[in-house]
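Engineer: Quick one: the structure is below, questions incoming.
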Amino acid sequence: MAGFTTTNDGGWVFNFEDPVAKPSLPTEPTRATGYLEGAGKWENYSDKDLYEVESLLRQLFKQKESDPKWNLTIAKHRRFTAGMMFEVLYGRPYDRTHAGEYQKILRLARVMAYYSTRITKEGSINGKRYKKKIYYLSLKRYKKLPPYSLRLRLEWLEEQGKVPCWQNMKLPKDDLKAGHARNKRTEENMEKRRERGRQLYNERYKSRNHNS
């Protein structure tokens, strides 16, 4: 991919033999475990693809904490499509014909939205135009938020010496959609651009009807 590096970006390399350093859990949760009771919790916890892609993404976040480019206010170096991020994490392009990889990229897109401050429906990255969703990733959200995957969160809690309970094992919020931003001012600016786009479209459409 022109102008875009993958596993050599910043010297970060993923070890496929041992993707996650797993601390030993005190017990193996089941569907009846108290903090996993409730609609959607067990499905989240038992989703292996979700666990895998978020584990890899958080490893990347951890490595990028010391990267000055990722710590800049502007998000130039933190903009990715899901396909671009898949290549970063796995060291190969996403194969849309592979059913297993399709499931992974669906989870990856969901997790990227969780760690993003903004999602655009299309845009430019490194001078190249993409008609795909672009995620503006945030190191602040990585540092602030617990993992999206409840299985990964259980390990994260144990590393901190915290006991899992219904309060700290709540399902994550999927509250950011494409074309929107978390920051109010950014959202207002995006809405202004959308409105200008609608006006230009309507003007062109009226002009075509008039000329016909």
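Engineer: Within the stretch 87-102, can you find the residues that are closer than 21 Å to residue 44 by Cβ and at pLDDT 95 or above?
Structural biologist: 89
Engineer: Which of the residues belonging to the stretch 25-61 are without any contact (Cβ under 8 Å) to a residue 12 or more places away in the chain and more than 20 Å from residue 162 (Cβ to Cβ)?
Structural biologist: Residues satisfying the conditions are 30, 31, 32, 39, 42, 43, 48.
Engineer: If you don't mind, another one. Quickly run through the stretch 140-174 and pick out the residues that are under 22 Å from residue 35 (Cβ atoms), of a type in the set (D, E, K, R) and within 15 Å of the chain's Cα centre (by Cα).
Structural biologist: Passing the criteria: 144, 173, 174.
Engineer: Here's a follow-up. Taking residue 64 and the conditions (1) over 13 Å from the mean Cα position of the chain (by Cα); (2) without any contact (Cβ under 8 Å) to a residue 24 or more places away in the chain; (3) crowded, with 19+ Cβ neighbours inside 10 Å, which numbered condition does it fall short on, given that it satisfies the others?
Structural biologist: (2)
Engineer: Mind listing just one residue for me: the one in the stretch 1-54 that is polar (S, T, N, Q), surrounded by 12 or more Cβ atoms within 10 Å (Cβ to Cβ) and modelled with pLDDT of 50 or more and, of those, farthest from residue 69 (Cα to Cα)?
Structural biologist: Checking each candidate, the answer is 33.
Engineer: Can you tell me which of 109, 99, 113 is surrounded by fewer than 13 Cβ atoms within 10 Å (Cβ to Cβ) and of a type outside the set (Lys, Arg)?
Structural biologist: 99
Engineer: Would you check which residues across the stretch 135-172 are within 16 Å of residue 53 (Cα to Cα) and hydroxyl-bearing (Ser, Thr, Tyr) and list them?
Structural biologist: Passing the criteria: 135, 142, 148, 149.
Engineer: If I ask for residues that are in contact (Cβ under 8 Å) with a residue 24 or more places away in the chain and buried (at least 19 other Cβ atoms within 10 Å of the Cβ), which ones from the stretch 71-86 would you list?
Structural biologist: 78, 79, 80, 81, 82, 84, 85
Engineer: Mind checking which residues of the stretch 48-94 are assigned to a loop (DSSP other than H, G, I, E, B) and more than 23 Å from residue 138 (Cβ to Cβ)? Talk me through it step by step, then tell me what you get.
Structural biologist: Step one: of the stretch 48-94, the residues assigned to a loop (DSSP other than H, G, I, E, B) are 65-75, 81, 91-94.
Hits for the stretch 48-94 are 91, 92, 93.
Engineer: Okay, moving on. When the stretch 95-113 is examined, which residues are found to be of a type in the set (Lys, Arg) and outside any helix (DSSP H, G or I)?
Structural biologist: Answer for the stretch 95-113, where residues must be of a type in the set (Lys, Arg) and outside any helix (DSSP H, G or I): just 96.
Engineer: For residue 79, are the conditions met, namely being closer than 23 Å to residue 178 by Cβ, in contact with a Ser or Thr (Cβ under 9 Å, 6 or more places away or on another chain), of a type outside the set (A, V, I, L, M) and assigned by TED's automatic domain parsing to the domain that holds residue 141?
Structural biologist: So residue 79 passes the test.
Engineer: Could you grab the pairs with beta carbons closer than 7 Å, sequence gap of 6+ or different chains, first residue in the stretch 171-184 and touching a residue at least 40 places away in the same chain (Cβ under 8 Å), second one assigned to a loop (DSSP other than H, G, I, E, B) and charged (D, E, K, R)?
Structural biologist: 176/182; 178/121; 178/133; 179/121
The values are calculated or read from the model by the stated rules, or taken from the named source; none is laboratory data. Please read these numbers as outputs of a predicted model, since none were measured by experiment. Reconstructed Cβ throughout: ideal geometry from the backbone, glycine too, with neighbour counts over all protein chains shown.
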